[in-house]
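This report concerns only the one structure given below.
Laboratory data are not the source of any read-out in this text; all were calculated from the coordinates shown. Note that the structure is predicted; figures quoted are calculated from it, not measured. All Cβ positions, glycine included, derive from the backbone under ideal geometry; neighbour counts span all protein chains shown.
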Amino acid sequence: MSAPGDEDDRPLYERFGLRIARRGYDRDQVEAYLTRLLGGAPPDRTVAFELVRRGYERGGVDEVITRLHREASGRRGQP
């Protein structure tokens with residue numbers, strides 16, 4: 001993952017190593033949420049995505065979101 005402020009033009013699925021599953025999280029919903037987080041929006045307390053055919057693999061998305069939430073919490077705690 002790039003440092004804050006660095007530009008990374010790769011698609012989000014490539015940037016975070018997200019894989020397509022037979023049944024997984026809705027890709028548009030996941031990408032919209034990740035885009036908001038990367039733009040500096042505070043993390044939602046509860047995140048839920050629809051399960052669809054050919055969505056993102058759930059475990060991979062959950063790991064990325066957990067990591068981004070932790071990073072956001074660390075930034076908020078800094079002076």
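Helix 27-38 and the long axis of the chain differ in direction by around 0°, with both axes built from C-alpha atoms.
For GluC sites (Glu not before Pro), the sites in region 27-79 that DSSP calls loop and that have at most 14 other Cβ atoms within 10 Å are Glu50.
Excluding Arg23 itself, what net charge comes from residues whose Cβ is under 13 Å from its Cβ, given Lys and Arg +1 and Asp and Glu -1?
Details: positive: Arg19, Arg22, Arg27, Arg53, Arg54, Arg58; negative: Asp26, Glu50, Glu57.
Within the 13 Å Cβ shell, the charges total +3.
The orientation-averaged projection of the convex hull spanning the C-alpha atoms of the chain amounts to 5.2 square nanometres.
Pick out which of Arg53, Arg22, Arg45 has the largest mean-square fluctuation in a Gaussian network model of the chain, springs linking Cα atoms closer than 10 Å. Of the options given, Arg45 has the highest mean-square fluctuation.
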